[in-house]
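J.: Take a look at this one; I'll ask things after.
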Amino acid sequence: MDIEAFCKNKLEKLHEEGRYRIFADLERKVGSFPKAKRYKNDGTSHEVTIWCSNDYLGMGQNEKVIQAMQDATVKYGTGAGGTRNISGTNHSHILLEQELANLHQKESALIFTSGYVSNWAALGTLGAHIDNLVIFSDELNHASMIEGIRHSRAQKSIWKHNDLDDLRSKLASYPADIPKLIAFESVYSMDGDIAPIKEICDIADEFGAMTYLDEVHAVGMYGPRGGGIAEREGLMDRITIIEGTLGKAFGVMGGYITGSETMCDFIRSYASGFIFTTAIPPSIAEAAIASIQHLKSSSVERDKQQENVAKLRAALDKEGIPHIENPSHIIPVMVGNASKCKWISDWLLDNYDIYVQPINYPTVPKNTERLRITPSPLHTDEDIIKLASGLSELWSQCALARAVA
């Protein structure tokens, strides 16, 4: 087999379908977010405004967070020194896990190298080691959750997105004595909709099922202390495991789960994705602690971010740019064509100094291609006007339908 020819053919198909992914070469600068320098292939560079960052609150450039990371690097060095089991557990890891357990009002927490790994390892371990467990997974769950469930080889049942009747029906079709786990997200990142957590918990209680809630797009963003949607709605105590990330609103990197001491110890002891990987550096852990503690006591960033979300939605409405209405901070601007979606993104970047990444299949279904926009508290009114007017001009050039007021 000519593997080079095979790979080239596959790549050519991605180009033909308009969904070949190109990385934007960016240089973030402290104090300038959401501005960044973009390097082009011809060796030139220019300043751009980022509109698709998962650093939702700009905490990656918060002075307290930077100082904590710098101090920890000087004090502890760069790496963790090993896996958590073999010399890699630094005191900073223990403190971070205590901080996360407190954030979600759980007995314990366990940190991983990323949110992807925490989902993959936790769900994979539960499914593989709990005899006869059936995992009921929302059909729009993240790839990391899907991969974890698949890796576990546990029996799974996919229920229609946020459809409580379908969930209840699926649960009722299994014997009462079979262990069950409902896996779902709070904020779904592509449409920006929010799960009916209370109602799902009610159904879980009805059928004696455990609950696993992915809050990666909600931690730091919602609740009086940034504990997520479950905190905002007073439901954290009803969730068996709450999973989150340190790499989005907290502005650092890493993932985690929180739950009972026994549950976290069980996953710690059996998850290969935890046991056999190097621990995150102490400097990362210390920066995360600083970010979490800041957002526990400060709502300034959340309030301003929500204000900018409302402003941008209003500006898009004024221009007739179609976007999915939802109660979250994510604004999906719907294009519905892979080639046009990429062209708009490229033109904004090259001619308007605006960077917003096109979202194409397989991340979203074909014909639902979109620009996923995430306003930050640091975008200005001028930034908002420039984005909305730029989209309006390109909408006309692409002959795309406008939303009816």
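J.: Which of the three applies to region 122-179, rounded, prolate or oblate, going by the alpha-carbon gyration tensor with a ≥ b ≥ c and a/c under 1.5 meaning rounded? Intermediate results must be reported in sequence, preceding the final value.
T.: On the way: a/c = 3.00, a/b = 1.14, b/c = 2.62.
Oblate shape, in that a/c is at least 1.5 and b/c is the bigger or equal ratio.
J.: Hey, another quick one. Over the chain, give the accessible area per residue in Å² for a 1.4 Å probe, as an integer.
T.: Dividing the accessible area of the chain by its residue count gives 45 Å².
J.: Report, to the nearest 10°, how far helix 63-76 tilts away from the longest principal axis of the Cα atoms in the chain, using its own Cα long axis and a range of 0 to 90°.
T.: The angle comes out at about 50 degrees.
J.: From the Cα trace of region 197-355, what convex hull volume per residue do you get, rounded to a whole Å³? The partial results should precede the final answer.
T.: Details: hull volume 30.5 nm³, N = 159.
Expressed per residue, the convex hull around the Cα atoms of region 197-355 is 192 Å³.
J.: Given axes a ≥ b ≥ c from the Cα gyration tensor, I'd like to know whether region 232-311 is rounded (a/c under 1.5), prolate (a/b larger than b/c) or oblate.
T.: On the way: a/c = 2.60, a/b = 1.54, b/c = 1.69.
It is oblate, given that a/c is not under 1.5 and a/b is not larger than b/c.
J.: While we're on this one: Rounding to the nearest 20 debye, state how big the charge dipole of region 1-77 is about its Cα centre with +1 on each Lys and Arg Cβ and -1 on each Asp and Glu Cβ.
T.: Computed about the Cα centre, the dipole is about 240 debye.
J.: Ok, one more. How large is the dipole of the chain about the Cα centre if only Lys and Arg carry +1 and Asp and Glu carry -1, each at its Cβ, rounded to the nearest 20 debye?
T.: 600 debye
J.: Taking the 0 to 90 degree range and rounding to the nearest ten, how far is the long axis of helix 3-16 tilted relative to the main principal axis of the chain, both from C-alpha atoms?
T.: Helix 3-16 sits at roughly 60 degrees to that axis.
J.: Rank Y76, Y212 by accessible area, highest first, at a 1.4 Å probe radius?
T.: So the residues, ranked largest to smallest area, are Y76, Y212.
J.: I need the phi-derived Karplus couplings for region 347-364: 6.51 cos²θ - 1.76 cosθ + 1.60, θ = phi - 60°, integer Hz, Gly and Pro marked x.
T.: These are the phi-based 3J(HN,Hα) values: 5, 4, 5, 7, 10, 10, 6, 10, 10, 9, 6, x, 10, 10, 4, x, 5, 10 Hz.
J.: May I ask which residue of A36, V216, N85 lies farthest towards the positive end of the charge dipole of the chain, with charges of +1 (Lys, Arg) and -1 (Asp, Glu) on Cβ and the Cα centre as origin?
T.: Result: A36, furthest along the dipole toward the positive end.
J.: Search the structure for amide H atoms under 5 Å from the amide H of D214, placed 1.01 Å from N in the peptide plane, and list their residues when 5 or more places away or on another chain.
T.: F184, E185, S186, E243
J.: Using label points projected 7 Å from each Cα along Cα→Cβ, tell me how many nm separate R28 and L14, to one decimal.
T.: 2.4 nm
J.: Let me ask another. Relative to the first principal axis of the alpha-carbon coordinates of the chain, what is the inclination of helix 91-103, with its axis defined by its Cα atoms, in degrees from 0 to 90 and to the nearest 10?
T.: With both axes taken from Cα atoms, the answer is about 80 degrees.
J.: Past 22 Å, Cα to Cα: identify those pairs from K106/K198; K64/K304; K37/K304, in the order given.
T.: The pairs that break the limit, which is 22 Å between Cα atoms, are K37/K304.
J.: Nearest 5 is fine: what % of DSSP beta bridges in the chain come out antiparallel, could you say?
T.: Restricted to the chain, the bridges split so that about 60 percent are antiparallel.
J.: Still on this model: Expressed as a fraction of 2.2 N^0.38 Å, the rule-of-thumb size for a compact globular protein of N residues, what is the C-alpha radius of gyration of region 90-206?
T.: Working: Rg = 15.2 Å, N = 117, 2.2 N^0.38 = 13.4 Å.
That works out to 1.13 for region 90-206.
J.: Taking the Cα centre as origin and putting +1 on Lys and Arg beta-carbons and -1 on Asp and Glu beta-carbons, what dipole magnitude results for region 192-304, to the nearest 20 debye?
T.: The dipole magnitude comes to about 460 debye.
J.: Whose amide H sits under 5 Å from the amide H of F136, counting only residues 5 or more places off or on another chain, with H placed in the peptide plane?
T.: S157, L181, I182, A183
J.: What residue among G79, G58, G244 has the largest mean-square fluctuation in a Gaussian network model of the chain, using Cα springs under 10 Å?
T.: Comparing G79, G58, G244 in a Gaussian network model of the chain, the most mobile one is G79.
J.: List, in order, the whole-Hz ³J(HN,Hα) value for each residue of region 160-169 obtained from phi through the Karplus relation with A = 6.51, B = -1.76, C = 1.60 and θ = phi - 60°; use x for Gly and Pro.
T.: 4, 3, 6, 9, 5, 5, 5, 4, 4, 4
J.: Let me ask you something else. Counting Lys +1, Arg +1, Asp -1, Glu -1, what net charge surrounds V187 among other residues with beta carbon under 12 Å of its beta carbon?
T.: Residues close to V187 contribute a combined charge of -3.
J.: In region 25-121, what is the volume of the convex hull around the alpha carbon atoms, normalised per residue and reported in Å³?
T.: Here the figure is 172 Å³ per residue.
J.: ³J(HN,Hα) across region 329-334 via Karplus (A = 6.51, B = -1.76, C = 1.60, θ = phi - 60°), whole Hz, x for Gly/Pro?
T.: Once θ is set to phi - 60°, the couplings for region 329-334 become 8, 9, 10, x, 8, 8 Hz.
J.: Please compute the length gained on full extension between E325 and E107, using 0.36 nm multiplied by the number of residues separating them and subtracting their Cα-Cα distance.
T.: Gain on stretching E325 to E107: 74.8 nm.
J.: Something else about it: In terms of modelled amide H atoms, which long-range or inter-chain residues lie less than 5 Å from the amide H of A271?
T.: Answer set, sorted by chain and number: none.
The values are calculated or read from the model by the stated rules, or taken from the named source; none is laboratory data. These numbers come from a predicted model, not from an experiment. Every residue, glycine as well, gets a Cβ built from its backbone with ideal geometry; the counts of neighbours run over all protein chains shown. Just the protein is used for accessible areas: all its heavy atoms, side chains included, with ligands, DNA and RNA removed. Shrake-Rupley method; radii C 1.70, N 1.55, O 1.52, S 1.80 Å.
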